[in-house]
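The structure appears right after this line, and notes come after that.
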Amino acid sequence: MLTNQEAMRLIGLPKKVIEKGNPVDVISWRCKNGKARYFLSVEQEPNYSFLLDIQQSLKNNLKITLHFQEDTSKTGLLRIDYHGQHQNPREIKSSLPDRFKPYAAKWFGYHEHHIHYYVESYKPLAWAIPLADDEFPVKDITTTTDIFPVIQEFAVRINLETKFERVSS
């Protein structure tokens, strides 16, 4: 099990997308069938591998999930949900950072976009806070053109050095 500090360190490591076994500097982004998956590596930490998973609902094209995990252990480290639902745990353990405590047992409805963080002693990504209360810059998406900037900002948040370029569908 990771500590909160270890999880934040892993999020902050510089990463690159791997294609055909090699790191790439630029990648074309096109969400195919509502899903896009990217395997990531960290040059100075060969014992870790990561996965960036982007899912867009086929029924509601503004329902987006961006999920980042340490892939060897399948441990979720960070996730953002736009137009998704979630309920935080009720129990406050000693490992819970203070910033999460006001949101114990909070229910997030479809229109309260939120960001999940790894918190030690809990199931990975069990805790979320409203995007309105987080430093993530894109608080809402109202059209499909808002999705690409979200992906770019999420890449910055997970310290992804590979740059995304938009490709027409």
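The values are calculated or read from the model by the stated rules, or taken from the named source; none is laboratory data. Keep in mind that what you see is a predicted model, and the values were worked out from it rather than measured. Note: ideal-geometry Cβ built from the backbone for every residue, glycine included; neighbour counts use all protein chains shown.
When region 77-92 is filtered for residues that are buried (at least 17 other Cβ atoms within 10 Å of the Cβ) and out of contact with any Lys or Arg (no Cβ under 9 Å at 6 or more places or on another chain), the ones remaining, listed by number, are Leu77, Arg79.
Of all residues in region 93-106, those that are surrounded by 13 or more Cβ atoms within 10 Å (Cβ to Cβ) and either aliphatic (A, V, I, L, M) or touching a Cys at 6+ places or on another chain (Cβ under 8 Å) (or both) total 2. All conditions but one from (1) part of a loop (DSSP other than H, G, I, E, B); (2) modelled with pLDDT of 95 or more apply to Leu77; the one that does not is (1).
Restricting attention to region 1-53, the residues that are more than 15 Å from the chain's Cα centre (by Cα), under 22 Å from Trp127 (Cβ atoms), among the hydrophobic types (A, V, I, L, M, F, W, C) and surrounded by fewer than 17 Cβ atoms within 10 Å (Cβ to Cβ) add up to 1. Within region 1-39, the residues that satisfy the criterion of being at pLDDT 95 or above and of a type in the set (Gly, Ala, Ser) are Ala7, Gly12.
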